[in-house]
Amino acid sequence: MSKMASPVRCVARRIFRDCTRKVSVLSTQQDTKPIYPSNSIVCRCYSNDFEEKSTHFGFETVPEGEKAERVYKVFESVAEKYDVMNDAMSLGIHRLWKDMLLHIMNPLPGARLLDTAGGTGDISMRFLEYTRTQWERQQRRAVRSRQTLSWQDISHNYAPSHDQGPVESTAVVCDINKEMLKVGKDKAEKMGYSSGLSWVVGDAEELPFADDQFDVYTIAFGIRNVTHIEQALEEALRVLKPGGRFMCLEFSKVSNPLLSRLYDAYSFQLIPVMGEVIAGDWKSYQYLVESIRKFPDQETFKGMIEDAGFLQVQYFNLTGGVVAIHSGFKL
């Protein structure tokens with residue numbers, strides 16, 4: 001009964017949302033087909049008819065209204081050194097975690113991705129590269145299959161071809177922080193991503209997109225910074241097409257006691273120091289470490305995803321549970 005009640009609760013909450021939001025877009029191309037009408041106003045907002053509550057900002061308790069602003073300032077402060085710090089903090093392992101996310105996702109050419117809290121665009125660029133490689137692999141298979149054709153098939157293949165070239169996948173990086181998007185857009189241009197990639201300023205709790213737009217929704221190392229995780233999950237469900245896939249890559253709970261003690265010592269003793277030395281910002285990285293410890297464990301988060309209305313929810317632990325990939329489908 002609980003799984004059947006979850007979609008009903010989602011619909012009931014949406015009845016109370018009624019305001020307009022404009023979409024702010026930074027695009028790397030001029031000719032990409034929009035996934036929402038240009039100059040459109042998307043009706044999407046959560047009501048504020050409840051008394052203000054408190055939440056956590058790292059280990060600190062703050063009013064809910066303050067958290068988003070404080071998180072914004074954290075990432076505004078670290079934006080320029082964000083990618084460098086990711087390599088330093090994880091010793092480069094974050095690249096393998098993100099590659100594993102794409103491997104599990106296994107997107108097909110032509111898929112549309114919403115990369116929420118996408119920051120500097122790492123996931124989106126990997127997605128576009130992966131789908132391009134998939135298309136090239138399909139073409140090689142097609143060539144091999146034609147090597148044993150009959151004379152009739154060969155003659156037929158000499159007919160004029162109407163092939164329009166590769167089916168283009170598209171990725172939208174959506175992040176509330178303009179500084180992170182600016183850094184990501186500059187990086188994408190330097191790396192040669194000139195098409196298929198768009199940059200949108202938007203809140204994970206109030207996504208500026210119409211319903212049923214995307215094949216895949218990802219949020220990597222971002223959902224723990226959201227004030228209302230349940231609302232972000234409901235928004236993910238809303239914007240996905242039927243059959244679409246939700247995927248979250250996030251720090252989680254280490255199960256091995258020895259590894260857990262080593263991980264805690266490394267996190268609290270070294271990461272803030274790295275933040276001060278590399279990014280000139282101790283406090284922001286102290287918050288990031290603390291926010292990881294406040295995030296729900298794997299099973300609890302799995303239950304939250306199911307409560308939002310997703311089905312076939314599962315998770316995969318990486319590096320002993322330091323991070324986990326959660327996956328679910330909108331059916």
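The values are calculated or read from the model by the stated rules, or taken from the named source; none is laboratory data. Keep in mind it's a predicted model, so treat the numbers as computed, not measured. Virtual Cβ from ideal backbone geometry, glycine too; neighbours counted across all protein chains shown. For accessibility, only protein heavy atoms count, side chains too; no ligands or nucleic acids. Shrake-Rupley method; radii C 1.70, N 1.55, O 1.52, S 1.80 Å.
Remarks
- Which of Trp282, Trp199 is most accessible, then next, and so on - probe 1.4 Å: Trp282, Trp199
- Ser54, Ser195, Ser267, reordered so the largest accessible area comes first (probe 1.4 Å): Ser54, Ser195, Ser267
- Computed with every protein chain present, the accessible area of Asp297 is close to 60 Å² [probe 1.4 Å].
- Each residue was assigned an accessible area with a 1.4 Å probe, and for Ile325 the value is about 0 Å².
- Cα-based Rg / Dmax (Å) for region 181-331: 17.2, 47
- Cα gyration tensor shape of region 57-138, rounded if a/c is under 1.5, else prolate or oblate by comparing a/b with b/c: prolate
- ³J(HN,Hα) computed for each position of region 246-259 - Karplus, 6.51 cos²θ - 1.76 cosθ + 1.60, integer Hz, glycine/proline x: 9, 9, 10, 10, 8, 4, 9, 9, 7, 8, 6, x, 5, 4
- Spin-label pair Glu64/Asn317, simplified geometry with 7 Å Cα→Cβ offset, distance in nm: 3.3 nm
- Most to least accessible of Leu259, Leu249 (protein chains only, probe 1.4 Å): Leu259, Leu249
- Normalising by residue count, region 184-227 has a Cα convex hull of 113 Å³ per residue.
- Separation between Cα centres of region 296-331 and region 100-142, rounded to whole Å: 21 Å
- Amide hydrogen proximity for Leu240: with H placed 1.01 Å from N in the peptide plane, the residues at 5 or more positions away or on another chain lying under 5 Å are Asp212, Gln213, Phe214.
- Annotation note: trypsin sites (Lys or Arg not before Pro) in region 287-331 located in DSSP loop regions with a Cβ neighbour count of at most 14 within 10 Å are absent.
- Global form of region 204-252, assessed from the alpha-carbon gyration tensor, a/c cut-off 1.5: oblate
- Only protein atoms count toward the accessible area here, which uses a 1.4 Å probe; on region 187-331, the carbon and sulfur part of that area reaches 56 percent.
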